[in-house]
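FYI, it's all coordinate maths here, none of it is from the lab. Here the structure is a predicted model, which is why all the values come from computation and not from measurement. Using ideal geometry, Cβ is built from the backbone for each residue, glycine included, and neighbour counts are taken over all protein chains shown.
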Amino acid sequence: MTSSTSKAMEMKEASALQKRRGGSARAARGLLYLVTAIQGLCNQLLPSSFKVLESNLGLTPASLGMIAMAQAFFQSIAGPVWASLVDRGMSRKFVLVAGCMGWGLIAILLGCIGQLHIILLLRCLNGVALASLGPVAQSLVADITEPEQVGLVFGLLQFSMALGQGICATVLTSFSEERLSLGSIHLHGWQASFIGVGGLSILVAVAVVFFMAEFRNEEQENESSTSAQGAISEIRKEFTLLFSYFTIPSFLVILVQGMFGCIPWTAMSFLTMWFQYIGMSNAASGVLITMQIFASGVGGIVGGIVGDVLARSWSPFRGRPLAAQVSILSGLVLISWIFIKVPKTPDSFSAYAWLNILFGLTATWAGVACNQVVLLEVVTPNNRARISALLNCLNGAVAAVLGGPVVGFLAEMYGYRSPAKGTSISDLSKAERVSNLDALTTALLQASVPPWILTLACFSFLYWTYEKDVDKTRKEKAASTL
C-alpha cells in the first residue's frame, strides 16, 4: 500500500470519526433539551397543585410553604456538590441518568403518599436530584457545541425549561381535581399527573443510557486520578477561594440583593392558588401562569439586549445596574397593580393576562442584564464557575427559607383558614373565601414589595464598586501574565 493511499485512508477515517462525533453531539444536545423540559415539568408540579393538595390532604399554606422550602433549600445546597463531582471526573452521563431517574421515582412516590412528614422527606431528596442537571449542562455544553453556538444552546435549554413548566402549569392546574378510575384503582388528577411525569422521567433516563455518548476531556481524566491527599489539599484551596470572594465588594452587593430579590420569586409559587381563590377556573389559572412563564423566558432575552445596549452606548459600568433597577422597579409597579388595583373577579382575566405578560417581559432582566455579566468581569476566568455556584447556593437557600414559608405563615397570621380535608374552595362560604383571599393577598404583597425595594436600593452600590473591582481584576490578570 502506497503512502498516499494510506494517508487518504487515514483522512477518510478521521472524517468519519468527526462525523460520528458530530452526530453524537447533536443527539446529546437533543437529549439534554428533553431532560431539561422534563425537569421543568417536575419543578412546576408542586406550585400547580397547591390548591388541590390543600383540599385533598388537608395541608395549610404554612405546610405548603414548608414543602416548597424543603425542595428549594436542598436543591440549592446540592448544586455545588454535584458540580464538584462533575469537575473531578464523575461521568456526566451517569449524573444525568441518576438525577432524571431519581426525580422520576420520587414523583411517582409523591403521587401515592399523603403524609406531610414523608412528603417533606421526599421533597428534600427531590431537590438533591433536581440539582444535578445544572452542573452537567454547564459542563457538557462546552464539549458538545461549537463555540459560536454556545449561546444558542443555552437559550434553547432555557426555552426547554420554560416549555416544561408551561405545559405543566396548563395541564395539571386544569386536570388536578378530576377523578380517574382504572379498574379498582381510583386516582385524583394530581396523583395521575405526578405518576405520569415520574414515569416519563424514567423513560427519558433510559433513553439517555442508550442514546447519549459519553464525553470526557483530558482535564476530567486528570481530576479523577487525584490522590486522597491531593483531594484534601484541593478542598482546602476551594474553601480559601470561596472565602476570598467575600472580599470583592461587587460580589457582596449582588449576593445581598439576590438574597432579597429571590424571596418574591419563591413566594410566587402561591400565585396559582391566589388566582383560584379569585374565582378563576383551574384551566384559566393555569393559562395565566403559563403566560407569565413564557413571557419570562422572552424577558430574559430582552433584558440581555437592554443591558448590552446601555453598557455599550451609555456607560460600561453604570448601564447594567441601571437596567437591573429599571427591571426591579417595573416588577414592583406591576405586582402591586396585580394585587391591589385590578378587581379580584373572574371577569378580570384579560387584565391579569396582560399584566402577567408585561411582568414576565420586564421584571426578569436583573440576572442576564447585570448580575451574570458583573460576576464574569470581577474575577479571573478560572474563578467564574465557583463564584457563580456560591452565589446560587446562598441566594437559593435564603429564598427557600424566606419565600414560600413566609407567605404561608403571614397568610395564616392575617386570618387565612384552610378548608377542611376533603373540601375545596368552592365549598367555602363567600365570606370565608373573601377572608382567605385578603389574607393571601396581604401575605404576597409583604413577601414581594419590601424585598424588591431593598433589592432596588442594593443595586445602587454597583455604581461605585463595579468599575473598581473590574480594574483590580484586570491588573491581577496582567500581573499573572508577566
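Descriptive notes on the structure:
- Sequence ranges 338-350, 160-172, 277-289, ranked by mean other-Cβ count within 10 angstrom, highest first: 160-172, 277-289, 338-350
- For the range 273-359, the normalised intensity computed at q = 0.24 Å⁻¹ comes to -1.12 (log10 of I(q)/I(0), Debye sum over alpha carbons, equal scatterers, no solvent).
- Equivalent ellipsoid semi-axes, the range 237-476, via Cα gyration tensor eigenvalues times 5, rooted, Å: 38, 20, 13
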